[in-house]
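Peer 1: Here's a structure for you.
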Amino acid sequence: MIKESMKIFGGDLKNSFKDLIPIILVVAFFQVAIIQAMPDNLLSIVIGLSIVAVGLALFIRGLELGIFPVGENLATDFAKKGSTFWLLLFAFTIGFSTTVAEPALIAIAEKAASISDGKVDAFFLRMTVALSVGFAIALGTLRILLGHPIHYYIITGYVLVVAVTFFAPPEIIGLAYDSGGVTTSTVTVPLVAALGIGLASSIKGRNPVIDGFGLIAFASLTPMIFVQVYGIIVYAMADAAPAAVEGITAAIEGTKTATTAYAFNLKETLLELVGVVKDVAPILAVIFFFQYIIIKKPVAHLHKIATGIVMVILGLYAFIVGLEMGLFPIGETIAFQLTAMKNNLLIYLFAFLIGFSTTMAEPSLLAIAIKAEEISNGSIKQMVLRVAVAIGVAVGIALGAYRIVAGDPIHYYIIIGYIFVILMTQFAPRYIIPIAYDSGGVTTSTVTVPLVAALGLGLAENIEGRNPLIDGFGLIAFASLFPMITVMGYGIIAQYKQAKTEGETV
């Protein structure tokens, strides 16, 4: 048993190192060919990337042992119980509790409060986003229960986003669009996906592929509406003041200084572990409360589930430590050096390549891709799906970087992107649509958000005439939008090839 487990983990570890190769190649190319200097902390970077690989392997094995089974079992038990109220309350609570403690959201909220000169309150922004995600997961769950096609809900949501945009102050639009991308954390995504798939598998007449996916898409959409409404209220109560450019300058400079080298500190390392446990604790509290108090049924294979949860926590912890040692210092240094070089083509190339490489290593995407291949019986290939998503993110971040350089308003780009999504929805096969919508939410998580946010704010700060609050945010929104287009494109091409093959066979 132990030998078999070690063999499986060895395979996971091998795949994790393969996932990191694109990031290593991109960083090495820019460091050697463009910057033409070797990093001072090369050993720390190598060790850090190795720790990231171990963290990814632990995380994936923990998902298979703990998170996926407990989510699917809960959904099955709720379906048997037949109580819509408790199921929707569980969905809302999971959405709210996992979002309010999301590290990426906390970072973005504090940054927004800093550069808005206090007009945007970090706490109320987090509450707004958390409430919107709770509402979204509940609404998505209701959609599965009713059996409605997902695109009716999503297209209606896009129309609302665009409509509210024309009334929202410019200072809040980029932040609102970004908030939709930072809500889906590395732990939330697998649990929410398991809930949707388990529920669709338990209800007669539902298809796990067509009906089970889509909850993450709801969680990425509603924050854009809620935050814009919040911004309208906030800025209506106070005159818009110029952004505190000095504040963002200090924040960026602090980031540069803090991330150029990693120094091991036992106290800080243990605090990071405690932080990961705190992030996971609300999710576990909700799960076990509903399992034992509402459903009144013990967790099956509790020791196996507990082992999986511990592996997820340790994997996330190792992942974060490894990123701080290996990826963030060199990635942020390159981003700032490129903006200082004033070479726009290099900025776009770096944005494209770093978008692709970080997405390929994104744990949330890996979890969704594995589940999509599993429940589609192999018709959706996890590697092909991940590449399609990564290409979408790469194109999105490159275009978003161009938008900052050009100084164009963000909502024109986003509106045109939504029009493309709506048009492609009409031609894409039904089985790929929910997965495509979900792919927009899983791309912006642990790896991508910090690097993309640093690139956007760094560009806005270094380019004359740009406002960090208005122009600096928005790259995450681009990274969430374009994967929907590329994944539906993958589905359309696959459908065409299948039809062609069947025609030749006949």
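Peer 1: Pairs please, first residue from the range 194-221 and within 13 Å of Ser376 (Cβ to Cβ), second anywhere and assigned to a helix (DSSP H, G or I) and basic (Lys, Arg), Cβ atoms under 6 Å, 6+ apart in sequence or on different chains.
Peer 2: Pairs found: none.
Peer 1: Those residues that are in a helix (DSSP H, G or I) and either within 30 Å of Ala460 (Cα to Cα) or without any contact (Cβ under 8 Å) to a residue 40 or more places away in the chain (or both), I need them from the range 78-88; list them, please.
Peer 2: First, the residues of the range 78-88 that are in a helix (DSSP H, G or I): 78-81, 84-88.
Across the range 78-88, the qualifying residue is only Phe85.
Peer 1: Collect the residues in the range 400-430 that are in a helix (DSSP H, G or I) and of a type in the set (D, E, K, R), keeping them in residue-number order. Even if it seems obvious, please write down each step before you answer.
Peer 2: Going through the range 400-430, the residues in a helix (DSSP H, G or I) turn out to be 400-406, 410-427.
Within the range 400-430, just Arg403 meets the criteria.
Peer 1: Give me a count of the residues in the range 403-443 that are of a type in the set (Ser, Thr, Tyr), within 22 Å of the chain's Cα centre (by Cα) and farther than 27 Å from Gln498 by Cβ. Can you show your working first?
Peer 2: Going through the range 403-443, the residues of a type in the set (Ser, Thr, Tyr) turn out to be 412-413, 418, 425, 431, 437, 439, 443.
Among the residues that remain, those that are also within 22 Å of the chain's Cα centre (by Cα) are: 413, 418, 425, 431, 437, 439, 443.
In the following step, the residues that additionally are farther than 27 Å from Gln498 by Cβ were identified as 413, 418.
Qualifying residue count for the region: 2.
Peer 1: Continuing with this model, one more query. Might you let me know whether the range 164-173 holds any residue that is touching a residue at least 60 places away in the same chain (Cβ under 8 Å), touching a His at 6+ places or on another chain (Cβ under 8 Å), buried (at least 18 other Cβ atoms within 10 Å of the Cβ) and within 21 Å of Gly441 (Cβ to Cβ)?
Peer 2: Yes: the range 164-173 contains one or more residues that are touching a residue at least 60 places away in the same chain (Cβ under 8 Å), touching a His at 6+ places or on another chain (Cβ under 8 Å), buried (at least 18 other Cβ atoms within 10 Å of the Cβ) and within 21 Å of Gly441 (Cβ to Cβ).
Peer 1: Could you list all residues from the range 14-51 that are surrounded by fewer than 19 Cβ atoms within 10 Å (Cβ to Cβ), more than 22 Å from the chain's Cα centre (by Cα) and outside any loop (DSSP other than H, G, I, E, B)?
Peer 2: Selection gives Lys14, Leu25, Ala28, Phe29, Val32, Ala33, Ile34, Leu42, Leu43, Val46, Ile47, Ser50.
Peer 1: Go through the range 431-461 and give me each residue that's assigned to a helix (DSSP H, G or I), modelled with pLDDT of 75 or more and surrounded by fewer than 24 Cβ atoms within 10 Å (Cβ to Cβ).
Peer 2: The answer is Glu461, and nothing else.
Peer 1: With Ile397, Ile391 as the choices, which residue is open to solvent by 10 Å² or more (accessible area, probe 1.4 Å), assigned to a helix (DSSP H, G or I), modelled with pLDDT of 90 or more and within 27 Å of Thr156 (Cα to Cα)? Steps first, please.
Peer 2: Numbers: Ile397 fails: open to solvent by 10 Å² or more (accessible area, probe 1.4 Å).
Of the residues listed, the single one that is open to solvent by 10 Å² or more (accessible area, probe 1.4 Å), assigned to a helix (DSSP H, G or I), modelled with pLDDT of 90 or more and within 27 Å of Thr156 (Cα to Cα) is Ile391.
Peer 1: Does Glu110 count as of a type in the set (Asp, Glu), closer than 21 Å to Lys278 by Cα and open to solvent by 40 Å² or more (accessible area, probe 1.4 Å)?
Peer 2: Numbers: of a type in the set (Asp, Glu): yes; closer than 21 Å to Lys278 by Cα: yes; open to solvent by 40 Å² or more (accessible area, probe 1.4 Å): yes.
Answer is yes for this residue.
Peer 1: Output the residues belonging to the range 343-369 that are under 30 Å from Leu65 (Cα atoms), assigned to a helix (DSSP H, G or I) and either touching an Asp or Glu at 6+ places or on another chain (Cβ under 9 Å) or open to solvent by 10 Å² or more (accessible area, probe 1.4 Å) (or both).
Peer 2: Phe356, Met360, Leu366, Ile368
Peer 1: Being open to solvent by 80 Å² or more (accessible area, probe 1.4 Å) and not in a helix (DSSP H, G or I) is the filter; apply it to the range 292-323 and report the residue that is farthest from Ile24 (Cα to Cα).
Peer 2: Checking each candidate, the answer is Lys296.
Peer 1: Then there's this: Which pairs have Cβ atoms under 7 Å, sit 6 or more apart or on different chains, and link a residue in the range 471-499 that is over 17 Å from Ala219 (Cα atoms) to one that is open to solvent by 30 Å² or more (accessible area, probe 1.4 Å) and small (Gly, Ala, Ser)?
Peer 2: Hits for this filter: Asp471/Gly407.
Peer 1: State which residue pairs qualify: first residue under 20 Å from Ile415 (Cα atoms) and inside the range 378-396, second residue open to solvent by 10 Å² or more (accessible area, probe 1.4 Å) and not polar (S, T, N, Q) in any location, beta carbons under 6 Å apart, and separation of 6 or more residues or different chains.
Peer 2: From the range 378-396, the pairs are Gly392/Phe482; Ala394/Phe352; Ala394/Phe356; Val395/Phe482; Gly396/Phe482.
Peer 1: Based on what the data block shows, is Ile137 under 19 Å from the mean Cα position of the chain (by Cα), buried (at least 21 other Cβ atoms within 10 Å of the Cβ), closer than 20 Å to Phe289 by Cα and at pLDDT below 90? Don't jump to the end; show me each part of the working.
Peer 2: Details: under 19 Å from the mean Cα position of the chain (by Cα): yes; buried (at least 21 other Cβ atoms within 10 Å of the Cβ): yes; closer than 20 Å to Phe289 by Cα: yes; at pLDDT below 90: no.
So Ile137 fails the test.
Peer 1: I've got another one for you. Looking at the range 90-129 only, could you name the residues that are free of Cβ contacts under 8 Å to residues at least 40 places away in the same chain and part of a helix (DSSP H, G or I)?
Peer 2: Matches in the range 90-129: Phe96, Ile106, Ala109, Glu110, Ala113, Ala122, Phe123, Arg126, Met127.
Peer 1: Got at least one residue in the range 277-284 being modelled with pLDDT under 85, within 27 Å of the chain's Cα centre (by Cα), more than 30 Å from Ile137 (Cα to Cα) and among the hydrophobic types (A, V, I, L, M, F, W, C)? Please lay out each step first, then the result.
Peer 2: Of the range 277-284, the ones modelled with pLDDT under 85 are 277-284.
Keeping just the survivors that are within 27 Å of the chain's Cα centre (by Cα) gives 277-284.
With the extra rule that they be more than 30 Å from Ile137 (Cα to Cα), the set shrinks to none.
No - not one qualifying residue is present in the range 277-284.
Peer 1: For the range 77-107, which residues satisfy the criterion of being in contact with a Lys or Arg (Cβ under 8 Å, 6 or more places away or on another chain), within 17 Å of Tyr230 (Cβ to Cβ) and open to solvent by 10 Å² or more (accessible area, probe 1.4 Å)?
Peer 2: Those that are in contact with a Lys or Arg (Cβ under 8 Å, 6 or more places away or on another chain), within 17 Å of Tyr230 (Cβ to Cβ) and open to solvent by 10 Å² or more (accessible area, probe 1.4 Å): Val100, Ile106.
The values are calculated or read from the model by the stated rules, or taken from the named source; none is laboratory data. Everything numeric here is computed off the predicted structure, so don't read it as measured data. A quick note on method: Cβ atoms are made from the backbone with ideal geometry, for glycine too, and the neighbour counts reach across all protein chains shown. Surface accessibility is based on the protein's heavy atoms, side chains included, excluding ligands, DNA and RNA. Shrake-Rupley method; radii C 1.70, N 1.55, O 1.52, S 1.80 Å.
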